[in-house]
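*Asks:* Quick one: this structure, given as structure tokens, is what I'll be asking you about.
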Amino acid sequence: MVAESDDSDDESLRIECPTLATQRLVLRAPRESDIPQLVMLADNRHVAQMLARMPHPYGEAEARTFLAMNGLKRPGASYALTLAGTGTFVGCAALNAKERGLELGYWIGEPYWKRGYATEAAHALVDLAFRSTGIAVLHASARVINPASRRVLHKCGFQYAGQGMMNSLVVGQVPVERYRLDRKTWHSLRSW
């Protein structure tokens, strides 16, 4: 999942970041105790090359910068994804405030791929976005070489909205597919 760099300071997009529980995950604010696992999972070129802002290599300094940025009162919401019961950190997800509105973003550490965690987290954040704000549309983007991320978006009801370019810290300018989910479609799919 990708997040482009056109951040917005729109206060109407502010979300309080409540702890969310799904069937297998707990989504909560990132904290300092996450740093060792965050570094271990994020210091992976396979993960970083799919994202706009994740550097590679990724060390403790980058993790501390990430935590500091999340400590600021900014529009949107960022979450640590942890396994229910064990609290094992498996990745991150966010609703990022962009010029065009909120954008869903997520990444899962490679040892936890292909288990449905991204879809489960995405469903929770889609619901949060529409329940906590007055947005009409939620946006998302995926690198064209990332079919797993596209499947997550399709399972959440997102519809293809075109192509664009993203500037990745790791690989430079790369093509992305853009997606959107409107409130009416979300409302009809809420049974998930």
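The values are calculated or read from the model by the stated rules, or taken from the named source; none is laboratory data. Quantities reported herein were computed from a predicted structural model and do not represent experimental measurements. So basically every Cβ, Gly included, is an ideal-geometry build from the backbone, and we count neighbours across all protein chains shown.
*Asks:* For the stretch 112-128, check the following and say yes or no: at least one residue is without any contact (Cβ under 8 Å) to a residue 60 or more places away in the chain and hydrophobic (A, V, I, L, M, F, W, C).
*Replies:* The answer is yes, given that some residue of the stretch 112-128 is without any contact (Cβ under 8 Å) to a residue 60 or more places away in the chain and hydrophobic (A, V, I, L, M, F, W, C).
*Asks:* Go through 115, 151, 131 for me and flag whichever is within 20 Å of residue 177 (Cα to Cα), more than 11 Å from the chain's Cα centre (by Cα) and surrounded by fewer than 20 Cβ atoms within 10 Å (Cβ to Cβ).
*Replies:* 151 is the lone residue from the list that is within 20 Å of residue 177 (Cα to Cα), more than 11 Å from the chain's Cα centre (by Cα) and surrounded by fewer than 20 Cβ atoms within 10 Å (Cβ to Cβ).
*Asks:* Determine, yes or no, whether residue 135 is in contact with a strand residue (DSSP E or B) (Cβ under 7 Å, 6 or more places away or on another chain) and in a loop (DSSP other than H, G, I, E, B).
*Replies:* Yes; evaluated as a whole, the condition is true for this residue.
*Asks:* Only residues in the stretch 33-44 that are on the phi < 0 side of the Ramachandran plot count as the first member; pair them with residues that are in a helix (DSSP H, G or I), Cβ under 6 angstrom, at least 6 apart or cross-chain, and list the lot.
*Replies:* What qualifies is 35/63; 38/63; 39/60; 39/63; 44/110.
*Asks:* If you don't mind, another one. Report, ordered by the first and then the second residue, all pairs with beta carbons closer than 8 Å, sequence separation of six or more or different chains, a first member in the stretch 11-32 that is without any contact (Cβ under 8 Å) to a residue 24 or more places away in the chain, and a second member that is among the charged types (D, E, K, R) and surrounded by 13 or more Cβ atoms within 10 Å (Cβ to Cβ).
*Replies:* If the second residue must be among the charged types (D, E, K, R) and surrounded by 13 or more Cβ atoms within 10 Å (Cβ to Cβ), the pairs left are 19/28.
*Asks:* Right, residue 105: in a loop (DSSP other than H, G, I, E, B) and touching a residue at least 60 places away in the same chain (Cβ under 8 Å) or not?
*Replies:* Here the answer is no, as residue 105 does not meet what is asked.
*Asks:* Let me ask another. Which one of the conditions (1) more than 15 Å from the chain's Cα centre (by Cα); (2) within 13 Å of residue 27 (Cβ to Cβ) does residue 145 fail to meet, given that it meets all the rest?
*Replies:* Checking residue 145 against (1) more than 15 Å from the chain's Cα centre (by Cα); (2) within 13 Å of residue 27 (Cβ to Cβ), the one that fails is (2).
*Asks:* If you don't mind, there's one more thing I want to ask. Quick check on the stretch 14-28: of everything there that is at negative phi and at pLDDT below 95, which residue is surrounded by the most Cβ atoms within 10 Å (Cβ to Cβ)?
*Replies:* Checked the stretch 14-28; the qualifying residue surrounded by the most Cβ atoms within 10 Å (Cβ to Cβ) is 15.
*Asks:* Being assigned to a strand (DSSP E or B) and of a type outside the set (D, E, K, R) is the filter; apply it to the stretch 173-188 and report the residue that is nearest to residue 142 (Cα to Cα). So that I can check it myself, show each step before the final result.
*Replies:* Step one: list which residues in the stretch 173-188 are assigned to a strand (DSSP E or B), which gives 173-182.
From the residues that got through so far, the ones that are of a type outside the set (D, E, K, R) too are 173-176, 179, 181.
Details: 173: 13, 174: 10, 175: 9, 176: 5, 179: 8, 181: 14 Å.
The residue in question is 176.
*Asks:* Counting just the residues of the stretch 154-176 that are more than 22 Å from residue 109 (Cβ to Cβ) and polar (S, T, N, Q), which one comes out surrounded by the most Cβ atoms within 10 Å (Cβ to Cβ)?
*Replies:* 167
*Asks:* Might you let me know whether the stretch 111-132 holds any residue that is out of contact with any helix residue (DSSP H, G or I) (no Cβ under 9 Å at 6 or more places or on another chain), closer than 19 Å to residue 14 by Cβ and in a strand (DSSP E or B)?
*Replies:* The answer is no; no qualifying residue exists.
*Asks:* Is there a residue being out of contact with any helix residue (DSSP H, G or I) (no Cβ under 8 Å at 6 or more places or on another chain), without any contact (Cβ under 8 Å) to a residue 24 or more places away in the chain and closer than 25 Å to residue 22 by Cβ anywhere in the stretch 48-59?
*Replies:* No, the conditions are met nowhere in the stretch 48-59.
*Asks:* Let me ask something else about it. Quick test of your reading of the structure: residue 43 fulfils all but one of (1) under 18 Å from residue 122 (Cα atoms); (2) at pLDDT 95 or above; (3) surrounded by fewer than 21 Cβ atoms within 10 Å (Cβ to Cβ); (4) among the acidic types (Asp, Glu). Name the failing condition by number.
*Replies:* Among (1) under 18 Å from residue 122 (Cα atoms); (2) at pLDDT 95 or above; (3) surrounded by fewer than 21 Cβ atoms within 10 Å (Cβ to Cβ); (4) among the acidic types (Asp, Glu), residue 43 violates only (1).
*Asks:* With the checklist (1) under 22 Å from residue 42 (Cα atoms); (2) among the charged types (D, E, K, R); (3) surrounded by fewer than 18 Cβ atoms within 10 Å (Cβ to Cβ) in hand, flag the one item residue 143 doesn't pass.
*Replies:* The failed condition is (3).
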